[in-house]
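The values are calculated or read from the model by the stated rules, or taken from the named source; none is laboratory data. Note that the coordinates shown come from a computational prediction; the quantities given were computed from them, not determined experimentally. Quick reminder, even Gly has a Cβ in these numbers, built from the backbone with ideal geometry, and neighbours come from all protein chains shown.
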């Protein structure tokens, strides 16, 4: 039989509103096939219900997901035959597809590119059976081969959409006709037909696909364990697996896909892997030898086994277990602020498991939970701590640090009743401790601010604690970056992962000359990093402004990185990004305020674009990371210029800068945002000064609420989980008073009314300007939902332009897959309505109700 070229016309788009239509012919397509297909055996016999196998069943049985981004000449599998996508152009006067005789199937694909959200209809006129897919999701089916018109209506988001068609026919010539149309409600819509798969980033690129959960290097540096999660698009579910890979040739040695396997990790000295398997309400521990390929069961039947840490000599491990407190019943007396938190009465204890015997024993008890910090390099002692509330002194908790002999269980107290806690690890020779804590961890030893300032204890520092002399020295007092983690590799080398401005970098500290040296990496934002036992190799993950997650091997001696994995490479191969740049200014106090800019793809400096301004929430700078809950690249892809700035009070700029957060509550931060935005708009003619929005969450939500009472430059704003009254947050939030112990150190509602009242958005609501959207999870335990509710109530009484959307069942972060997608679209549709005069998507999500 002869195979002839496919000629096609396809698709009709129409809005649901009964208004005039704009119609466009789509004439660019990719074609694969046709190829012959056959009915299954006994197709003419009815099944047990008498139903015969029909052509529509045959069409359905041919699998095609249309989830990639097809391009011309790219291979595609069609009904078990290898084909290639071929470009075709449709002539409106010849709406005929030439096919094979007999039953055959073919695939058709094209893209439509839209510059805004719109309601659309598809209309297909054909005498073939077909299934229609949009962005990989099946939307419509035609189950007969009669010549007829099929219509399908759907809303589509701004951006590029893949339209796929699977056709089944037994005719040599198949008739087709297609149009795309939209109503005058979307008269400014730009809709184009193209075969170019280049597109903007979407929320599904962030939530779906393959990600690296963690990566760890073997003690020898020869192997790497990579833990992956993979989320099929639209499911909200993830599949986890672990890959064992050689580092010299990057070949996989083994793949762990058993969902019962957990807590996979390297042993400390040998290239062996340990993991746990849960069965019948008990945990079983196994060790796998990479070299020999043998598996050994170390212990079994352990109830309530939590995290575990191997001793350096591999002769034992320490694991934790949880003990649940008694149920208090219907009435619960509260014995302190933390007792308000569910689970606070539960306790965690430590156990020692002997590898040789497989037996374990409990090594801690009492009324306080115990937390292991480290095991001494000679494996003879362990380091652990307890902590307890103390409401007489900030920060309202005290810590005890102990060293235990694992043979006798005799304790030595390293420190007791320490006000500002720290985490500790042994030096390689076991004589010193590397302690990570805030500037106040050891009194004034680590403080580097003027006498009239209070240091920000979120600005993490490093200290050296000599166990014999019991003296402490600060390693980072004059080191501006804030320490995220530290690894003491050998006696003279400590590696630090740090927050440095909006970067996360790696430094090496030499204990002999007390010098820091930055190690060049291939990422802007270092994620996790793991070091080999010998200290000459490491593996790390990281991202950048427009760079998704990568995994690298790092030669620490040569300071050279080698790429291991780009898990999102294929999925994001068609994504295009706009230009990015740094942009900083000097504020009126003479301080440099860093910032950066994300421009839309295909940015034209001669056009005007609406602007979204974003800033930190809490005290950590908004990093240059690729994804996150507030994905700047997606906003830019929607046609916004995004300006991110790091106002006064952020860590990573030195202690004096971060100290501006303490007892500030927006005092200088708000000035920086307002001044910076004005200067940014003046310096960027393409930024539309009449259409500027602001957004922030948590402390950034507080900032957003407060901004709208201090300036009118923001036409609208979005505040997620914002704090409207500092006093109610201080008392109601589970961690409100402990966060305030640092952010509002020594200030309380009764001794600093100027802060708690004058710096609260609720008490400034009568000065509110323009508009705001309040978002909040109903189960938020950090910032209670009442913070948004009371601000909403005030603004409604004041007849201000305010909307509030509550996300049912969500805590401080919106984690539920479907709810996060709706929450994301809520934010962008609000900005579209207020800054682009495009209210249609917002009205679709939240149609009006006549409740009065």
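Would you say residue 240 is touching a strand residue (DSSP E or B) at 6+ places or on another chain (Cβ under 9 Å) and in the same structural domain as residue 63 (by TED's automatic domain parsing)?
When the stated conditions are applied, residue 240 does not pass them.
Name the residues in the range 25-43 that are on the phi > 0 side of the Ramachandran plot and in a loop (DSSP other than H, G, I, E, B), would you?
Taking the range 25-43 and keeping what is on the phi > 0 side of the Ramachandran plot, we get 33, 42.
Listed by number, the list holds a single entry, 42.
Among the residues of the range 327-344, how many are at pLDDT 95 or above and either under 23 Å from residue 281 (Cα atoms) or surrounded by 19 or more Cβ atoms within 10 Å (Cβ to Cβ) (or both)?
0
I'm checking my understanding of the structure. Among residues of the range 522-544 that are part of a loop (DSSP other than H, G, I, E, B) and surrounded by 21 or more Cβ atoms within 10 Å (Cβ to Cβ), which one is nearest to the chain's Cα centre (by Cα)?
The selected residue is 523.
Would it be correct to say that residue 457 is over 21 Å from residue 516 (Cα atoms), in contact (Cβ under 8 Å) with a residue 60 or more places away in the chain and outside the structural domain of residue 654 (by TED's automatic domain parsing)?
Here the answer is yes, as residue 457 does meet what is asked.
What tally of residues in the range 209-232 results from selecting those that are buried (at least 17 other Cβ atoms within 10 Å of the Cβ) and assigned to a loop (DSSP other than H, G, I, E, B)?
Looking only at that region, the number is 4.
Which numbered condition in (1) surrounded by 14 or more Cβ atoms within 10 Å (Cβ to Cβ); (2) at pLDDT 85 or above; (3) assigned to a loop (DSSP other than H, G, I, E, B) is the only one that residue 6 fails?
It is condition (2) that residue 6 fails.
Please specify each residue of the range 528-579 satisfying the condition of being modelled with pLDDT under 95 and closer than 21 Å to residue 503 by Cα.
none
For the range 767-790, what are the residues that are more than 28 Å from the chain's Cα centre (by Cα) and either assigned to a loop (DSSP other than H, G, I, E, B) or modelled with pLDDT under 95 (or both)?
Those that are more than 28 Å from the chain's Cα centre (by Cα) and either assigned to a loop (DSSP other than H, G, I, E, B) or modelled with pLDDT under 95 (or both): 768, 769, 770.
If residue 590 satisfies all but one of (1) modelled with pLDDT of 95 or more; (2) surrounded by 18 or more Cβ atoms within 10 Å (Cβ to Cβ); (3) in a loop (DSSP other than H, G, I, E, B), what's the number of the condition it fails?
Condition not satisfied by residue 590: (2).
Could you please let me know if residue 355 is buried (at least 19 other Cβ atoms within 10 Å of the Cβ), under 29 Å from residue 435 (Cβ atoms) and modelled with pLDDT of 95 or more?
Answer is no for this residue.
Among the residues in the range 370-378, are any farther than 30 Å from residue 432 by Cβ and in a loop (DSSP other than H, G, I, E, B)?
no
Which of (1) touching a residue at least 12 places away in the same chain (Cβ under 8 Å); (2) over 30 Å from residue 186 (Cα atoms); (3) in a helix (DSSP H, G or I) is the odd one out, the single condition residue 793 does not satisfy?
(1)
For the range 804-822, enumerate the residues that are in contact with a strand residue (DSSP E or B) (Cβ under 6 Å, 6 or more places away or on another chain) and crowded, with 19+ Cβ neighbours inside 10 Å.
Scanning the range 804-822 gives 807, 810, 814.
Of the conditions (1) within 31 Å of the chain's Cα centre (by Cα); (2) modelled with pLDDT of 95 or more; (3) in a strand (DSSP E or B), residue 253 satisfies every one except a single condition; which number is it?
(2)
Would you point out the residue of the range 496-521, among those that are touching a residue at least 60 places away in the same chain (Cβ under 8 Å) and part of a strand (DSSP E or B), that is nearest to residue 212 (Cα to Cα)? Explain how you work it out, then say what you get.
Taking the range 496-521 as the starting set, the residues that turn out to be touching a residue at least 60 places away in the same chain (Cβ under 8 Å) are 498-504.
Filter once more, keeping what is part of a strand (DSSP E or B): 498-500, 503-504.
Details: 498: 21, 499: 21, 500: 24, 503: 20, 504: 18 Å.
In this case the residue turns out to be 504.
With the condition being touching a residue at least 40 places away in the same chain (Cβ under 8 Å) and closer than 23 Å to residue 394 by Cβ, I'd like the helices (runs of 4 or more DSSP H) fully within the range 653-752 carrying at least 2 qualifying residues.
Result: 655-658, 699-707, 726-732, 736-743.
Do we have residue 763 as out of contact with any strand residue (DSSP E or B) (no Cβ under 7 Å at 6 or more places or on another chain) and under 25 Å from residue 693 (Cβ atoms) here? So that I can check it myself, show each step before the final result.
Values: out of contact with any strand residue (DSSP E or B) (no Cβ under 7 Å at 6 or more places or on another chain): yes; under 25 Å from residue 693 (Cβ atoms): yes.
Here the answer is yes, as residue 763 does meet what is asked.
Within the group 639, 628, 617, which residue is under 23 Å from residue 668 (Cα atoms) and part of a loop (DSSP other than H, G, I, E, B)?
Answer to the check: 617.
When you go through 369, 379, 360 one by one, which is the residue that is under 28 Å from residue 283 (Cα atoms) and within 31 Å of the chain's Cα centre (by Cα)?
Result: 369 is the single residue among 369, 379, 360 that is under 28 Å from residue 283 (Cα atoms) and within 31 Å of the chain's Cα centre (by Cα).
Going residue by residue through the range 442-455, is there one that turns out to be surrounded by fewer than 18 Cβ atoms within 10 Å (Cβ to Cβ) and outside any loop (DSSP other than H, G, I, E, B)?
There is no residue in the range 442-455 that is surrounded by fewer than 18 Cβ atoms within 10 Å (Cβ to Cβ) and outside any loop (DSSP other than H, G, I, E, B).
Would you confirm, using the coordinates I've provided, whether residue 75 is within 20 Å of residue 160 (Cα to Cα) and in the same structural domain as residue 33 (by TED's automatic domain parsing)?
So residue 75 does not fit the description; no.
Using the structure shown, decide if residue 281 is under 34 Å from the mean Cα position of the chain (by Cα), surrounded by 12 or more Cβ atoms within 10 Å (Cβ to Cβ) and either at pLDDT below 95 or under 19 Å from residue 242 (Cα atoms) (or both).
Here the answer is no, as residue 281 does not meet what is asked.
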